[in-house]
Amino acid sequence: MPKLCIALDTDYDKAVELINTLKNKPIVFKIGYKLFISHHRKITDLIKQKGFELFLDLKLHDIPNTVKNGVLSAKDLGADYLTVHITSGKDALKEAVKVAENIKLLGVTLLTSLEEDHLKEWGLCISKEDYILNLSSLAINCGIDGLVCSGKELPLLKSKFKFFAVVPGVRLEGEPLDDQKRVVRIEEAIKNGADMIVMGRSILNVKDPIKKVEEILGLLSSHP
Ligand code: C5P
């Protein structure tokens, strides 16, 4: 069964409440800019103390030495997963892999909020698929463990590479897409081979997030 990762893109009090209420459930908590920049160790330590896996979504994007230092610091925090932009380049990726040890490094290809038009804006005359394939191949050749990708590109990527597939941009039927563009329904993400599904606002923006989490876990467990 794919893992469920909750993107804690919310305020501190709400995050703490969710972490405390969901203890003992098979969940990975993802910390991004919002909580990490303001609360840093206070929130990462709580996640680890409660026995959850910690996903640091800091999307490192810098020169090789700086990326390596970021991975080392993430290791100090006990991170289980850490994102790195593949466009940091192969030297940065190799430095990250050298020091990662138990952290699963996840390469970011094209953000799920971006489309082919954005590539054109960057001056890149390449299809979205080729762009994603090139970056994925680069990351995997450098020893990166997993890829963050849209459920839409997953069948193509799974047919070419062996990797841990992390899929954001997932919604249940009828839910708003918000700023996401390359979105799939949860059933499609599972069918296409997601190893971890990342969901934020579908859980955070409802009256009863716990009920929603139980519904999602039920869906995941019915697709072994
Ligand atoms: O609220 P929603 O479910 O759209 O949140 C998706 C989460 O996944 C956000 O935390 C976002 O930063 C992250 N993410 C993404 N697309 C990527 C990489 C990460 O949406 N390519």
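The values are calculated or read from the model by the stated rules, or taken from the named source; none is laboratory data. Bear in mind the structure is a predicted one, so any value in this text is a computation, not a measurement. Every residue, glycine as well, gets a Cβ built from its backbone with ideal geometry; the counts of neighbours run over all protein chains shown. Areas reflect the complete protein model, heavy atoms only, side chains present, ligands, DNA and RNA absent. Shrake-Rupley method; radii C 1.70, N 1.55, O 1.52, S 1.80 Å.
Read through the list (1) closer than 19 Å to residue 190 by Cβ; (2) assigned to a helix (DSSP H, G or I); (3) away from the ligand (no atom under 16 Å from the Cβ), then give the number of the only condition that residue 156 fails.
Failed condition: (3).
Filter the range 80-132 down to residues that are of a type in the set (Gly, Ala, Ser) and modelled with pLDDT of 95 or more and give me whichever is nearest to the ligand (Cβ to nearest atom).
107
Answer yes or no: is there a residue in the range 64-81 that is outside any loop (DSSP other than H, G, I, E, B) and closer than 22 Å to residue 180 by Cβ.
Yes - at least one qualifying residue is present in the range 64-81.
Assess whether residue 206 counts as being at pLDDT below 95, away from the ligand (no atom under 11 Å from the Cβ) and either more than 16 Å from the chain's Cα centre (by Cα) or over 13 Å from residue 165 (Cα atoms) (or both).
Spelling it out, residue 206 is indeed at pLDDT below 95, away from the ligand (no atom under 11 Å from the Cβ) and either more than 16 Å from the chain's Cα centre (by Cα) or over 13 Å from residue 165 (Cα atoms) (or both).
So residue 76 fits all but one of (1) within 16 Å of the ligand (Cβ to nearest atom); (2) open to solvent by 60 Å² or more (accessible area, probe 1.4 Å); (3) acidic (Asp, Glu); what number is the exception?
It is condition (1) that residue 76 fails.
Hey, could you check the range 135-193 for residues that are buried (at least 16 other Cβ atoms within 10 Å of the Cβ) and among the hydroxyl-bearing types (Ser, Thr, Tyr) and say which is nearest to residue 8 (Cα to Cα)?
Applying the filter and picking the extreme gives 150.
Say whether the condition of being aromatic (Phe, Trp, Tyr), open to solvent by 30 Å² or more (accessible area, probe 1.4 Å) and assigned to a loop (DSSP other than H, G, I, E, B) is met by at least one residue in the range 114-123.
Checking the range 114-123: at least one residue is aromatic (Phe, Trp, Tyr), open to solvent by 30 Å² or more (accessible area, probe 1.4 Å) and assigned to a loop (DSSP other than H, G, I, E, B).
Here's the yes/no breakdown for (1) assigned to a strand (DSSP E or B); (2) under 26 Å from residue 219 (Cα atoms); (3) open to solvent by less than 50 Å² (accessible area, probe 1.4 Å):
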site: 5; (1), (2), (3): yes, yes, yes
site: 23; (1), (2), (3): no, yes, no
site: 40; (1), (2), (3): no, no, no
site: 47; (1), (2), (3): no, yes, yes
